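Heads up, the thing below is written out as structure tokens.
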There are 2 protein chains.
Amino acid sequence: MSRTGRRPGAPDTRDKIMAVARRRFATRGYEATSLRAIAADAQVDPALLIHYFGTKEGLFAAATGLPAGLPEMFAAVEGTPLRESVEFLVRSYLQFVDSDQSRNAILALVRSAVSNEKAATMLREFLAAELLPVIGRLTEHEDAPLRASLVAAQLIGIAILRHVLRVDDVAKASPDEIAALAAPAIEQYLQ
Amino acid sequence: MSRTGRRPGAPDTRDKIMAVARRRFATRGYEATSLRAIAADAQVDPALLIHYFGTKEGLFAAATGLPAGLPEMFAAVEGTPLRESVEFLVRSYLQFVDSDQSRNAILALVRSAVSNEKAATMLREFLAAELLPVIGRLTEHEDAPLRASLVAAQLIGIAILRHVLRVDDVAKASPDEIAALAAPAIEQYLQ
């Protein structure tokens with residue numbers, strides 16, 4: 001396979017962009033990092049970042065190893081009845097965190113977030129910018145941001161018990177069993 | 001202040017026991033560590049451990065820096081109506097995790113659990129032996145262990161968003177605000 005290095009669109013350009021993005025997100029946080037700044041650092045056209053990663057969230061997902069599309073997953077259920085939406089979301093979330101790729105990415109993210117203030121900031125800002133607003137849109141309560149955060153707390157807690165601490169009952173339960181129990185609880189925050 | 005070193009009951013005996021316990025819990029896990037083995041390692045009478053720490057859970061709490069009494073907190077509400085119990089528990093839990101001592105202990109525990117397999121085992125076994133059974137006693141469902149674990153996931157998730165990631169809305173909310181929202185959700189698992 002020939003490697004031309006500098007050609008835009010070559011695999012190593014994509015890798016280089018991700019390496020620059022990882023460094024920028026880690027040192028400046030999610031909010032303060034723009035696609036434009038990453039493009040400048042990586043010495044590529046900003047349009048190339050859009051071409052590869054679509055959005056800043058897509059680039060963040062790629063750079064941190066998280067499969068993209070978690071916020072999109074939540075956005076997709078807007079308009080469907082709440083009970084159905086929530087069950088679908090919990091099941092999708094579990095499929096998402098159960099993949100080998102996610103499991104490792106989650107471990108890596110949690111590991112850096114608890115040991116490194118900048119990584120905690122990066123993860124907090126990503127949640128605040130991309131995930132909490134789409135969960136919050138599922139409810140009309142005035143305190144939607146707090147409710148959305150408590151839903152996120154439940155989901156993150158499940159991932160931690162399932163994949164970090166590996167608490168037996170949570171690690172062994174099927175996505176359907178967990179969704180059947182967690183959906184009515186999560187619905188309480190949103191209804 | 002005179003320090004007599006070897007006298008049973010002297011502060012440095014207590015410290016020595018905790019140091020031995022920390023090492024044992026970290027290398028062997030919570031389950032496989034007995035008060036008797038710690039006493040033997042520390043070259044003190046097992047009765048002295050009971051005198052200082054009451055139970056293995058008390059010694060674990062002291063050794064890891066967690067205030068003791070989290071399981072007792074849950075055990076205390078057995079027999080009271082569920083809604084009241086759960087609100088009381090969430091408020092007590094938040095007071096518990098909001099103390100400076102707990103906050104640091106939680107950070108340290110989570111930090112070691114995500115980076116070190118033995119620390120994860122220690123924490124998992126502590127949850128399984130001491131905390132999950134008392135939460136599980138609040139419900140009569142056959143799958144009480146899974147339900148109790150999902151309640152623990154919600155509570156641990158709240159502590160992580162409040163003190164590790166410091167997500168704004170969760171970090172700034174009062175214990176009462178969080179309890180008012182989280183209690184009906186948690187009740188769903190237990191009723």
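Structure values in brief
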| read-out | value |
| --- | --- |
| Which of B:E84, B:E78 is most accessible, then next, and so on - probe 1.4 Å | B:E84, B:E78 |
| Inter-label distance for A:K172 and B:H141, nm, one decimal - labels placed 7 Å from Cα along Cα-to-Cβ | 1.7 nm |
| Top of A:S149, A:S99, A:S85 by mean-square fluctuation, Gaussian network on chain A, Cα under 10 Å | A:S99 |
| Nearest-ten-degree value, helix A:175-190 long axis tilted from longest Cα axis of chain A | 80 degrees |
| Accessible area of B:R23 in the full protein assembly, 1.4 Å probe (Å², nearest 10) | 130 Å² |
| Residue of chain B nearest the B-to-A rotation axis [by Cβ], rounded angstrom distance | B:G157, 1 |
| Label geometry 7 Å along the beta-carbon vector: B:Q191 inter-copy distances in nm | 0.8 |
| Zero-based 10 Å bins, Cα pair distances in the stretch A:1-150, whole percents | 10, 35, 34, 17, 4, 0 |
| Position B:A76, label points 7 Å along Cα→Cβ, spacing to each other copy in nm (shortest first, one decimal) | 4.6 |
| Burial order of peptide ranges B:151-163, A:167-179 (average beta-carbon count within 10 Å, highest first) | B:151-163, A:167-179 |
| The stretch B:66-190, accessible surface, carbon-and-sulfur percent (1.4 angstrom probe) | 51 percent |
| Exercise: per-residue mean of other protein chain Cβ atoms within 10 Å, A:112-123 | 3 |
| Listing of the stretch A:131-152 residues, each with accessible area lower by at least 40 Å² in the full protein assembly than in the chain alone (probe 1.4 Å) | A:L146, A:S149, A:L150 |
| Tilt relative to chain A, helix A:117-126 - C-alpha long axis, 0 to 90 degrees, to 10 | 70 degrees |
| Of B:P46, B:P71, B:P81, the one that fluctuates the most in a GNM where chain B has Cα springs shorter than 10 Å | B:P81 |
| Between the stretch A:70-109 and the stretch B:35-89, the Cα center-to-center distance that results, in Å | 37 Å |
| Mean ellipticity per residue at 222 nm, deg cm²/dmol - from DSSP H runs of n ≥ 4 across chain A, formula -39500 (n - 2.57) | -21500 deg cm²/dmol |
| Solvent-accessible surface ranking, highest first, for B:V164, A:V44 at 1.4 angstrom | A:V44, B:V164 |
| Residue mean of other protein chain beta carbons inside 10 Å, A:47-56 | 0 |
| Residues of the stretch A:65-190: accessible area per residue with a 1.4 Å probe, Å² | 39 Å² |
| For the stretch B:36-51, Karplus couplings with θ = phi - 60° (6.51, -1.76, 1.60), whole Hz, Gly/Pro x | 4, 5, 5, 4, 4, 4, 8, 6, 10, 6, x, 4, 5, 5, 4, 4 |
| Helix B:100-115 axis, angle to chain B major axis (alpha carbon atoms, nearest 10°) | 90 degrees |
| Count, lysine Cα pairs under 28 Å in the protein assembly as shown, 8 or more residues apart or across chains | 11 |
| Max mean-square fluctuation residue, GNM over chain A, Cα-Cα springs under 10 Å, options A:T139, A:T33, A:T80 | A:T80 |
| Size of electric dipole in the protein assembly as shown: Cβ of Lys, Arg +1 and of Asp, Glu -1, about Cα centre, debye, nearest 20 | 2100 debye |
| Around A:A37: net Lys/Arg minus Asp/Glu count, Cβ-Cβ under 13 Å | +3 |
| Accessible area buried at the B-A interface, both sides summed, 1.4 Å probe (Å², nearest 100) | 3500 Å² |
| Teacher prompt: A:R36 distances to equivalent labels in other copies, 7 Å Cα→Cβ, nm | 7.1 |
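The values are calculated or read from the model by the stated rules, or taken from the named source; none is laboratory data. This structure is a prediction, so every number in the text was calculated from the model and none was measured. All Cβ positions, glycine included, derive from the backbone under ideal geometry; neighbour counts span all protein chains shown. Just so you know, the surface numbers come from the protein's heavy atoms only, side chains and all, with ligands and any DNA or RNA stripped out. Shrake-Rupley method; radii C 1.70, N 1.55, O 1.52, S 1.80 Å.
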